1. Can residue E:30 be described as of a type in the set (D, E, K, R) and more than 8 Å from every other protein chain (Cβ to nearest Cβ)?
2. Only one of these conditions is not met by residue B:17: (1) touching a residue at least 40 places away in the same chain (Cβ under 8 Å); (2) buried (at least 23 other Cβ atoms within 10 Å of the Cβ). Which number is it?
3. Among the residues of segment B:36-75, how many are over 25 Å from residue C:23 (Cβ atoms) and either of a type outside the set (Lys, Arg) or surrounded by 17 or more Cβ atoms within 10 Å (Cβ to Cβ) (or both)?
4. Only one of B:38, B:48 is more than 8 Å from chain A (Cβ to nearest Cβ) and in a loop (DSSP other than H, G, I, E, B); which?
5. Filter segment D:60-78 for residues that are at negative phi and within 7 Å of chain C (Cβ to nearest Cβ) and give the result.
6. Give just the number: which of (1) within 30 Å of residue B:49 (Cα to Cα); (2) more than 7 Å from chain B (Cβ to nearest Cβ); (3) of a type in the set (D, E, K, R) does residue C:55 not satisfy?
7. Testing residue D:10 on (1) among the hydrophobic types (A, V, I, L, M, F, W, C); (2) farther than 30 Å from residue B:36 by Cα; (3) within 12 Å of chain C (Cβ to nearest Cβ), one condition comes back false. Which one is that?
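Readers should treat all values here as calculations from the given coordinates under stated rules, not as data from a laboratory. Because the structure is predicted, anything quoted here is derived from the model rather than measured. Here the Cβ positions follow ideal geometry from the backbone for every residue, glycine too, while neighbour counts run over all protein chains shown.
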There are 6 protein chains.
Amino acid sequence: MKAIDMDTWLPSLITKTPQDGYELAVKLSRVAVKLTQPDAAVRDKLRPEYAGDSDALIAVSQVVATNFATVAAANNYWR
Amino acid sequence: MKAIDMDTWLPSLITKTPQDGYELAVKLSRVAVKLTQPDAAVRDKLRPEYAGDSDALIAVSQVVATNFATVAAANNYWR
Amino acid sequence: MKAIDMDTWLPSLITKTPQDGYELAVKLSRVAVKLTQPDAAVRDKLRPEYAGDSDALIAVSQVVATNFATVAAANNYWR
Amino acid sequence: MKAIDMDTWLPSLITKTPQDGYELAVKLSRVAVKLTQPDAAVRDKLRPEYAGDSDALIAVSQVVATNFATVAAANNYWR
Amino acid sequence: MKAIDMDTWLPSLITKTPQDGYELAVKLSRVAVKLTQPDAAVRDKLRPEYAGDSDALIAVSQVVATNFATVAAANNYWR
Amino acid sequence: MKAIDMDTWLPSLITKTPQDGYELAVKLSRVAVKLTQPDAAVRDKLRPEYAGDSDALIAVSQVVATNFATVAAANNYWR
């Protein structure tokens, strides 16, 4: 997972491809966590916990789905 | 996290950039908590608990995603 | 929290400002609880429990976010 | 809570007022439960449990909010 | 609950009535479970568990609500 | 479950049929898990756990429902 530059991390919702849009949705999902828990050391400690817990993985997938809906609409579904 | 002036905390859903819109979504997510638990001392005590709990962090990210969908639509996705 | 007159508690989804719309979203979120648990004494007993529980506060914020999306769309985002 | 006639319980999503629409959203939320647990005796036994549990009440409110979004859109927000 | 023919189980999102649309939403909710747990014997064993658990019933109702939103939009709300 | 080629796994949201669209929604739901837990061995170990847990199965169905809403909108509901 790449680190996110927090100065200008969201210049646009427009992406070239659906797959780029999905990656943006993943990024949008992670930033909320970062803003709520700004301490990188704490986040690094939590990561293996939820990455090994199926309930948490499904919940992450739910957040990504919600953000992907927004990004897809922004891009008029790349039609 | 900046304190939120509760007199007129939501003059508009329109923001200049997507990133400002995301910050507004975070604010919208926090206000519901503030209205349900108005006691700042209780909220301050709860903060470290959920900021160190991955399930809670993912749930926060879900709320922000839902509010960001609204703000993004309001801004016609900053197209 | 003001008591909600249940005779005609929802005359319209249209509000003057975004902030009024957010307050309507909070109201919409509370009415479902009231209809499911009509006994005010039970609700009053539950309140301090969830108001002191971060998971519950985040869940409340999720409901408000969902209702706010509806109210905001109804008001064409107060553009 | 009134019993729901399951023969033709959903003739239309159109309602006269927003408040009627909200009541329809509550009904939509209950039917899924009824279809999954058709035994009225079991449902009656479960009712006091969740009606006295704040997490369950908030979850019910979330379902109603989701259904209300649909009913409100169907009615063009009663504008 | 009727068995779902998995060869062509979703020919269209268009239904004659809102009630048919709701039933399609229930079907959509069940197929995801079926694809994740293809073993009918395991699903049959799980069924009484969640059908007797109010949290699970409310969660099922949430999934149906989300799918019903899609089916209703597809049918232009049967207006 | 077929393995997902992660190089270009999402060329388009457009599908021929609603059923293909549903399968794409399932795929979208799985990729978020894959990106959060890239180790296939860990995912394989988690699979039987959640496939035998009704709460997890319902949560998976919720994610698929959210993604299906996006895919269906992208395809103008295959009208």
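1. no
2. (2)
3. Number of matching residues: 10.
4. Answer to the check: B:38.
5. Those that are at negative phi and within 7 Å of chain C (Cβ to nearest Cβ): D:60, D:61, D:62, D:64, D:65, D:66, D:68, D:69, D:72.
6. (2)
7. (3)
Here's the yes/no breakdown for (1) free of Cβ contacts under 8 Å to residues at least 12 places away in the same chain; (2) not in a helix (DSSP H, G or I):
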{"position": "B:5", "(1), (2)": "yes, yes"}
{"position": "B:43", "(1), (2)": "yes, no"}
{"position": "B:56", "(1), (2)": "yes, no"}
{"position": "B:63", "(1), (2)": "no, no"}
